[in-house]
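The block underneath contains the structure these notes are about, expressed in structure tokens.
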Amino acid sequence: MRDMQIYKVYPAIPESLVFLGDLARNLWWCWNDDAIDLFRRIHPGLWEKVGKNPVVFLARISTHRYEALSRDESFLGHLGRVKTRFETMSSEISRVPDLTLDSGETVAYFSMEFGLHESLPFFAGGLGILAGDHLKASSALGLPLTGIGLLFREGYFRQYLDHNGWQQETYPVIDVFDLPTRKVTRTSGEDLVIDIPGPHGIIHACVWEIRVGKIRLLLLDTNLPENPEHIRNITSRLYASHGDIRVAQEALLGIGGTRALKAMGLFPSVCHMNEGHCTFAGLERICQIMERYDLNFQSASQVCRRSTVFTTHTPVAAGHDEFDKHQVRPYIAPYAEKFDISVEELLSWGEVPGDDKNGRFSMFCFGVQFSGYINGVSQLHGKVARRMWQGLWPRRQKEEIPIFHVTNGVHINSYISRHKNGLLERYLAADWIERQSEPALVSRIDNIDDADLWHVHEMDRSNLIRKCRQLLMSQYERRNAARTLLDDVTTALDHRVLTICFARRFATYKRAGLLLKDPQRLTRLITNTDHPVQLVFAGKAHPNDNEGKDLIRRIVEFARQPAVRHRIVFLENYDINIARYMVQGCDVWLNTPRRPYEACGTSGMKAAANGGLNLSILDGWWCEGYDDTRGWRIGNGTDYDDPGYQDEVESQSLFNVLENDVIPVFYDRIRGNPPQKWVRMMKAAMKMAITDFSSDRMVREYTSRFYIPSVGNLRDLTQDSGRKAKEMALTQSRLNALWSHIRVSKPRIKPAEDFAVGDTFSVVLEVFLGELSPDEVEVQIYHGRLLGTGELEKSRAETMKLQSTIAPGTHLYGCRVVCSDSGRFGYTARVIPRGDDVLRNIPGLITWAMPDE
Ligand SMILES: *Cc1c(COP(=O)(O)O)cnc(C)c1O
């Protein structure tokens, strides 16, 4: 069938219902209950069967049914209501007026994965969900943002378990015509195809567009007839394990993605790279800046850095993508030519400090070269990342490494249950979702009647249990399980029992087995006649991670024992759909990572928004979220050297908290009333999640701290034919060339003795700047309380004043210091560049006072 011709047949939707087709092609429907209901009511059974994919769904509805609907007044009324809201959404103006871009400009948000809905399999885990939530929140805020990713035909794998509980993987191939995608075309009408050079010839890719509310998501796809098979396969599987394909994917995403924007007439005024996979984008962006503003490479890089945001998500060095230099070379060599620098120099941008010269190419280190705004994803992760990458900024103090943090958040609308949403619409305001950033409004959660909230939550718990039974039934049927097992499933789990959920990737550091460390104690908890608990597990192990798979097997094996079988279940193929049931219906959300390996974690935020109480190690976001009025901690945030011992201690601590705190509070019912303290904690958790851990807050934070300053920088540096960009480039090359001559003498105190609180003293020192002038540098005294370890605590840098020039190139600096506290203090001095943060943070440009001869 080589020369097969293709024609398409679309469902004959009557005129009055055409909006259904528009709605199906904008993911806005998936976080709006009224829109979901509109689809579902057409054919509830089919809706579930097609995995809530409206494109497939509408194609399967019979003409007969459409005709009936077009005469159904109540359906048309419902459709009209959704349509009005959809149109209002589309025409609404921005809620972040401080970010204004000219037409043809956009914030470009790059990510290897996007988790938007279970019917779009372009994500593997938290990173993707976060990217999806970023788009959804940007839509609500009216941010001029465009998402860029890849369209994977096989996506990430589907998980099922064999008879022994061992994970199996399948990669079902999706049909793009089942997705709400539209091919991007040129104005001439032909498909847009972009090219990037690869090691074995040109890589061609077409571009698909998906609408996410007001936001466009562009997905590149190499599955084109003009590509040979190995190139067509570049976009087959998310996170291909073969290094060559991985490099190709990342080059396609970064370079191809930026080219696609240009081909569509869009310029990325701000570039946001979500994790190191997309950092090749910097190369192409510099090129585009060179062209657009007629600048050379050095000046264009100044612009690029000051308008690029780079978010890192991985708290272990080994978790960052690294390639062999020879794998990267073919993709970046053309840029060396354009930039007029050597390929070796460009390759050196990816070197890990301290690594040998011919070593590896790190996508993180490469990304840093383009980015003036670098951030981790929780407060703790920011700190860990600063420590981890200290080597990139030699001679800098840890706390001054320019990596900040923006704590992740979740798209509340996508994860809050419809029952709870209804409650909030009643007690807060009908439009509370749009006003979720108003603390006064959110605090009205306290006014919710306890019985109302408890009742609604019990419905969500029941929904979860019903879903579990349904999923278990199909799991068992597929395995041809015995009749008795199938019968048991219909009574698995209990609607009144304290329900603990654990759902996440089965990576070893997440320690899903912490509860199994003491199986007897766990069995006692589960089988307690008065105050039992039940457990729902879900999660995938990476296909190459046998340790993770073994954890799943052990849980399944434990859950098979007749004594506990009715109260512990493992759900296959964890995805957004299952996540929704779990976060909405759980009483307790359990998280047991080995600190500090959980960069942030977001599932616990989704649970909290639904009144689920977190029981977690103090890691990632929970360090910021924890407070004993709204959840529990396991351990107290200690860092251990011996992981075996740590597991032992923390597993016992977990059981202690469950037995002494969690279970008694849940079952504290006076005359059958809701558990009072528990409900109070639920409310506190909901307020916390909505106020502090929503993607609305997160995107606002990215906007005010990074996007708006980036746009300002771009305008400032490029006006007057790029005068400032050129100046900055000159400054930087002067500093780089002359910095090594700088010498700083040891600062001297006058008078040289001890002091009482309130005294002041003056410090003077000599600085040799050579050809650099005092206007180009800042001389600082650096002082703080001296610790027993010889390190300084709470250190501060203060600018010293130029007092006189004592010889050509040699200057005297001084300042006064007030003794505000008693104790032992240390001080020294240093020179750094004067200028904005990017200049001040250029690696290597820092000179400390000379040590004693
Ligand atoms: C929210 C979510 C995640 C991320 O949650 P973690 O807490 O980081 O594990 C992963 N997968 C799905 C399906 C989710 O909904």
Just the residues that are surrounded by 19 or more Cβ atoms within 10 Å (Cβ to Cβ) and charged (D, E, K, R), please, taken from the range 26-60. 52
When you go through (1) more than 16 Å from the ligand (Cβ to nearest atom); (2) surrounded by fewer than 22 Cβ atoms within 10 Å (Cβ to Cβ); (3) in the same structural domain as residue 263 (by TED's automatic domain parsing) one by one for residue 81, which number turns out not to apply? (3)
Would you pick out the residues in the range 563-587 that are part of a strand (DSSP E or B) and in contact with a Cys (Cβ under 7 Å, 6 or more places away or on another chain)? 569, 571
When the range 802-824 is examined, which residues are found to be at pLDDT 90 or above and under 22 Å from residue 400 (Cβ atoms)? 813, 815
Please name all residue pairs, on different chains or six or more residues apart, with Cβ atoms under 6 Å, provided the first residue is in the range 731-749 and is modelled with pLDDT of 95 or more and the second residue is assigned to a strand (DSSP E or B). 735/833; 742/831; 742/847; 743/768; 744/767; 744/829; 744/831; 744/847
Is one or more of the residues making up the range 359-370 of a type in the set (A, V, I, L, M, F, W, C) and surrounded by fewer than 19 Cβ atoms within 10 Å (Cβ to Cβ)? no
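Condition first: touching a helix residue (DSSP H, G or I) at 6+ places or on another chain (Cβ under 6 Å) and either surrounded by 15 or more Cβ atoms within 10 Å (Cβ to Cβ) or at pLDDT below 90 (or both). Now tell me which residues in the range 771-801 satisfy that. Step through it out loud before you land on a result.
The initial filter retains those residues of the range 771-801 that are touching a helix residue (DSSP H, G or I) at 6+ places or on another chain (Cβ under 6 Å), namely 771-772.
Hit for the range 771-801 is 772, nothing else.
Within the range 816-838, is even one residue charged (D, E, K, R) and under 13 Å from residue 742 (Cα atoms)?
Step one: list which residues in the range 816-838 are charged (D, E, K, R), which gives 816, 821, 824, 830, 834, 836-837.
After this cut, where a residue has to be under 13 Å from residue 742 (Cα atoms) as well, the list is 830.
Yes, some residue in the range 816-838 is charged (D, E, K, R) and under 13 Å from residue 742 (Cα atoms).
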Evaluate the following for residue 529: is it over 35 Å from the mean Cα position of the chain (by Cα) and more than 16 Å from the ligand (Cβ to nearest atom)? yes
Within the range 199-307, which strands (runs of 3 or more DSSP E) (wholly inside it) include 3 or more residues that are open to solvent by 20 Å² or more (accessible area, probe 1.4 Å) and either over 29 Å from residue 133 (Cβ atoms) or in contact (Cβ under 8 Å) with a residue 60 or more places away in the chain (or both)? 201-212
For the range 624-716, which helices (runs of 4 or more DSSP H) that fit wholly inside it have 3 or more residues that are touching a Gly at 6+ places or on another chain (Cβ under 9 Å)? 643-657, 676-692, 695-702
Restricting attention to the range 479-517, report how many residues are more than 35 Å from the chain's Cα centre (by Cα) and in a helix (DSSP H, G or I). 7
Some residue of the range 505-517 being more than 16 Å from the ligand (Cβ to nearest atom), surrounded by 15 or more Cβ atoms within 10 Å (Cβ to Cβ) and modelled with pLDDT of 95 or more: no
Enumerate the pairs (first residue in the range 406-423 and closer than 26 Å to residue 310 by Cβ; second residue anywhere and open to solvent by 10 Å² or more (accessible area, probe 1.4 Å) and of a type in the set (Ser, Thr, Tyr)) with beta-carbon separation below 8 Å, excluding pairs fewer than 6 apart on the same chain, so at least 6 apart or on different chains. 408/602; 409/602; 410/602
Sole exception among (1) surrounded by fewer than 24 Cβ atoms within 10 Å (Cβ to Cβ); (2) more than 15 Å from the ligand (Cβ to nearest atom); (3) within 24 Å of residue 248 (Cα to Cα) for residue 152, by number: (1)
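So that you can scan it fast, the table gives a plain yes or no per residue for (1) among the hydrophobic types (A, V, I, L, M, F, W, C); (2) more than 29 Å from residue 640 (Cα to Cα); (3) within 14 Å of the ligand (Cβ to nearest atom); (4) crowded, with 22+ Cβ neighbours inside 10 Å:
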residue	(1), (2), (3), (4)
586	yes, yes, yes, yes
589	yes, no, yes, yes
598	no, no, yes, yes
603	no, no, yes, yes
611	no, yes, no, yes
618	yes, no, no, no
Kindly indicate the residue of the range 88-137 that is under 24 Å from residue 250 (Cα atoms) and away from the ligand (no atom under 16 Å from the Cβ) and also surrounded by the fewest Cβ atoms within 10 Å (Cβ to Cβ) among those meeting that condition. 105
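Anything in the range 412-433 that is more than 16 Å from the ligand (Cβ to nearest atom) and either in the same structural domain as residue 687 (by TED's automatic domain parsing) or within 22 Å of residue 458 (Cα to Cα) (or both)? List them, or say none. Walk me through it before giving the result.
Just the residues of the range 412-433 that are more than 16 Å from the ligand (Cβ to nearest atom), to begin with: 418-433.
Of everything in the range 412-433, those that are more than 16 Å from the ligand (Cβ to nearest atom) and either in the same structural domain as residue 687 (by TED's automatic domain parsing) or within 22 Å of residue 458 (Cα to Cα) (or both) turn out to be 418, 419, 420, 421, 422, 423, 424, 425, 426, 427, 428.
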List every residue pair whose Cβ atoms sit under 6 Å apart, with the two residues 6 or more apart in sequence or on different chains, where the first one lies in the range 119-138 and is β-branched (Val, Ile, Thr) and the second, anywhere, is within 13 Å of the ligand (Cβ to nearest atom). 129/115
When residue 661 is evaluated against the numbered criteria (1) assigned by TED's automatic domain parsing to the domain that holds residue 630; (2) within 22 Å of the chain's Cα centre (by Cα), which criterion, by number, is the only one it fails? (2)
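Answer yes or no: is there a residue in the range 540-553 that is within 23 Å of residue 489 (Cα to Cα), more than 12 Å from the ligand (Cβ to nearest atom), open to solvent by 10 Å² or more (accessible area, probe 1.4 Å) and of a type in the set (Lys, Arg).
yes
Could you check the range 561-584 and list, in sequence order, the residues that are among the aromatic types (Phe, Trp, Tyr), open to solvent by 20 Å² or more (accessible area, probe 1.4 Å) and more than 7 Å from the ligand (Cβ to nearest atom)? Talk me through it step by step, then tell me what you get.
Quick first cut of the range 561-584, residues among the aromatic types (Phe, Trp, Tyr) only: 570, 574, 581.
Remaining after also requiring open to solvent by 20 Å² or more (accessible area, probe 1.4 Å): 574, 581.
Listed by number, the list holds a single entry, 581.
Taking the range 721-748, which residues are at negative phi and hydroxyl-bearing (Ser, Thr, Tyr)? Give the steps one after another, and end with the answer.
Of the range 721-748, the ones at negative phi are 723-748.
Matches in the range 721-748: 731, 733, 740, 745.
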Where a residue in the range 536-559 is among the polar types (S, T, N, Q) and its partner, wherever it lies, is assigned to a loop (DSSP other than H, G, I, E, B), with Cβ under 7 Å and at least six apart: 544/241
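The values are calculated or read from the model by the stated rules, or taken from the named source; none is laboratory data. Computed from a predicted model, the values in this text were never measured in an experiment. Please note: Cβ atoms are built from the backbone with ideal geometry, for glycine as well, and neighbour counts cover all protein chains shown. Note: areas computed on protein heavy atoms with side chains; ligands, DNA, RNA excluded. Shrake-Rupley method; radii C 1.70, N 1.55, O 1.52, S 1.80 Å.
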